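These notes concern the structure reproduced below.
None of the figures in this text is laboratory data; all of them are computed from the coordinates on show. The structure displayed is predicted, hence computed values, not measured ones. Note that we place each Cβ from the backbone using ideal geometry, even for glycine, and neighbour counts take in every protein chain shown.
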Amino acid sequence: MARSDSPSQVTAAKKSISQPKRSSYYRWKTWFPLLLITPAIIIILLVVAYPMVYSVYISFTPYNLLRPDTTLVFAVDTMFRNYARLLENKVFWRSVLNTVIFLAVTVNLSFLIALALSQLMARVTRGQGIMRTLLMIPMMFAPVLVGFQFAWFFNATVGLVNNALLALGILQEPKAWLVDVPSGMISIMIASIWMNVPMLTIILLAGTLSLPREVFEAAEVDGAPAWQRFRHITMPLLRPFTLIALTVLSLDVARAYDIVRIMTGGGPANRTEMIWTYAGRLAERDSQYGLASAMSMVGVVLGVLFTLYLFRQLIKSRVVY
């Protein structure tokens, strides 16, 4: 008589047969996403990680392109020589001061203008989509094109600003906006604000439109004036969006190289020199790649510290509706 297996034995046999298939399926499900992002990881390592590590390394070396004997020469006793030279470099400290002033003025003015525009656009009932489309036009221009555009605006002979002011009788003779002090720095700030305000406005507008309307309706029923509603309700609720926008804008403005290079080149006499333009000048004109890399690392560290501070403030400001 044939022996019949029990139901438990049949179930165990089926599990043993299907287990390899299941394990291989889950293993493939785990590794397949990693396989898809592998090309992106390789590109990031080649384009971002390797240049960063290489820049950190040569910042501790006396690497000079005109002196082949200094190529990748590393010595422990002289590894901090470039950073010590920066502390004694007056032009470097002037570029740091110019960068801080440029960053503070540009970011704050951009934020105030963007905040005003976002609040006005949030109250528009018709044509808001068209206005947002028009507002994004400056974002479509590359920084190099913006630099050429405003360099022509503030040109001393054929510039639009001089011609308009001369026609209105405000100026009696053309003014060298990009050469004089402090008009050179102000001209760069105007160009940077024009380019960065749209992005900031879009972020603040999105935040304003996402705020809960019940809070404003309750305040309006209680008789709170518009200024108090804006100060005590809108601004606290917009704080996370504000910090995100300021973080992105600060990092973008702090790396302002294209506009400064095109409009003034950091001159005259280093009056509009920034950290990044001065580092580029050292690398391109003087071939001092070690010193330029050390200067760039200082700028990177300052940017990272500022970003971490803003992110900590962002975490503290999380609001639960």
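Any idea how far the Cα center of the stretch 155-185 sits from the one of the stretch 33-55, in Å? Cα centroid to Cα centroid, the span is 47 Å. Relative contact order, whole percent, for the chain stands at 25, derived from Cα pairs under 8 Å and 6 or more residues apart. Remark: spin-label model distance A122-L97 equals 4.0 nm, labels positioned 7 Å along the Cα→Cβ axis. Sequentially through the stretch 127-140, phi angles give Karplus couplings (6.51, -1.76, 1.60; θ = phi - 60°) of x, 5, x, 5, 5, 5, 5, 5, 5, 7, 4, x, 6, 7 Hz, Gly and Pro residues having no value and appearing as x. If the segment from L65 to A49 were pulled out straight at 0.36 nm per residue, it would be longer than the present Cα-Cα gap by 3.5 nm. Once every Cα of the stretch 84-140 carries one equal point scatterer and solvent is ignored, give the base-10 log of I(q)/I(0) from the Debye formula at q = 0.22, 0.28 Å⁻¹, two decimals. Log10 I(q)/I(0), no solvent term: -0.89, -1.07.
Between L209 and N163, the contour length at 0.36 nm per residue exceeds the Cα-Cα span by 12.4 nm. Here mean projected area of the Cα convex hull in nm² was calculated from the structure, and among (i) 32.9; (ii) 14.2; (iii) 20.6 it sits at label (i). Dipole orientation for the chain: of the candidates N64, V76, I41, I41 has the Cα lying most toward the positive pole (charges on Cβ; Lys, Arg +1; Asp, Glu -1).
Rounded to the nearest 10 degrees, the inclination of helix 239-254 to the longest alpha-carbon principal axis of the chain is 60 degrees.
Ranking of R67, R94 by neighbouring Cβ atoms within 10 Å, starting from the fewest: R67, R94. Here's the picture: charge each Lys and Arg Cβ at +1 and each Asp and Glu Cβ at -1 in the chain, and of W31, A283, F150 the one pushed furthest to the positive end of that dipole is W31. Think of the stretch 166-277 as a dipole: +1 on every Lys or Arg Cβ, -1 on every Asp or Glu Cβ, centred on the Cα centre; then among G184, L243, P198, G184 lies furthest on the positive end. Lysine pair count for the chain (Cα-Cα distance under 29 Å; residues 8 or more apart in sequence or on different chains): 4. When M235, M140, M274 are arranged by Cβ crowding within 10 Å, least crowded first, meaning fewest neighbours, the order is M140, M235, M274. Centre-to-centre separation between the Cα atoms of the stretch 80-143 and those of the stretch 252-280: 14 Å. Across the stretch 43-109, C-alpha contacts under 8 Å between residues 6 or more apart give a mean separation that, scaled by the residue count, equals a relative contact order of 19 percent.
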